[in-house]
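The values are calculated or read from the model by the stated rules, or taken from the named source; none is laboratory data. What you see is a predicted model; the values in this text were computed from it and never measured. Counting neighbours? That spans all protein chains shown, and the Cβs are built from the backbone with ideal geometry, glycine included. Just so you know, the surface numbers come from the protein's heavy atoms only, side chains and all, with ligands and any DNA or RNA stripped out. Shrake-Rupley method; radii C 1.70, N 1.55, O 1.52, S 1.80 Å.
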Amino acid sequence: MGWYFMNGNSIRNSMKIVVLLLIGIVSLSFISCSTEPEPLVFGTDICHFCKMTLMDNKFGAELVTKKGKVYKFDDMNCFLNFYNSGYEPVEEFQHKLVIDYANPGKLFDATNGFYLKSSEIRSPMNGQVAAFETKAGMDNFKKEWKAIYLGWGEVTTQYK
């Protein structure tokens, strides 16, 4: 009812505000759909699976969906149990990232990784698996830990 009494300038100003709000909402929707990975923040981030705080920078992982949802994990055990759970279809993951044990804190593409499994590996949730970005990095620990080598396909089946 009050709009009947507005003059032309008030209507134009109101329309400008509505247009600016719509532009802002559309802009935010594009920004919030980023599928870029986020760095793991040790001592702050929480594992999506076990709800523990990420503490050990030699272990950790991250999944990012095509819609931009980020899941963070403190151990290969949590990462792979969630990955295989069906909570999100595997095809929906834009990024599958793990921490390089030889370069603490550094995330890399999990599908190209080299994995060691051994009871000597003391990971946060006792997953007993360490990830390496390079074969050379892995070879430095394989003999010391009396570990077995696993590729991506093999490591994903360890927790099915």
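Out of Tyr115, Tyr71, which single residue is closer than 17 Å to Lys160 by Cα and at pLDDT 95 or above?
Answer to the check: Tyr115.
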(request) Working only within the range 43-82, note down all residues that are open to solvent by 40 Å² or more (accessible area, probe 1.4 Å) and touching a strand residue (DSSP E or B) at 6+ places or on another chain (Cβ under 8 Å). (result) Gly43, Thr44, Ile46, His48, Phe49, Met52, Thr53, Asn57, Lys58, Lys66
(request) Select, from Asn126, Asn140, Asn77, the only residue that is touching a residue at least 12 places away in the same chain (Cβ under 8 Å), at positive phi and polar (S, T, N, Q). (result) Asn126
(request) Keeping to the range 107-128, report how many residues are under 20 Å from the mean Cα position of the chain (by Cα), of a type in the set (A, V, I, L, M, F, W, C) and open to solvent by less than 60 Å² (accessible area, probe 1.4 Å). (result) 4
(message) If I ask for residues that are surrounded by 13 or more Cβ atoms within 10 Å (Cβ to Cβ) and hydrophobic (A, V, I, L, M, F, W, C), which ones from the range 129-155 would you list?
(response) Val129, Ala130, Ala131, Phe132, Met138, Phe141, Trp145, Ala147, Leu150, Trp152, Val155
(request) Could you list all residues from the range 90-106 that are surrounded by 14 or more Cβ atoms within 10 Å (Cβ to Cβ) and touching a residue at least 40 places away in the same chain (Cβ under 8 Å)? (result) Gln94, His95, Leu97, Ile99, Tyr101
(request) Could you name every one of the strands (runs of 3 or more DSSP E) located completely within the range 46-134 that has at least 3 residues being farther than 14 Å from Trp152 by Cβ and of a type in the set (S, T, N, Q)? (result) none
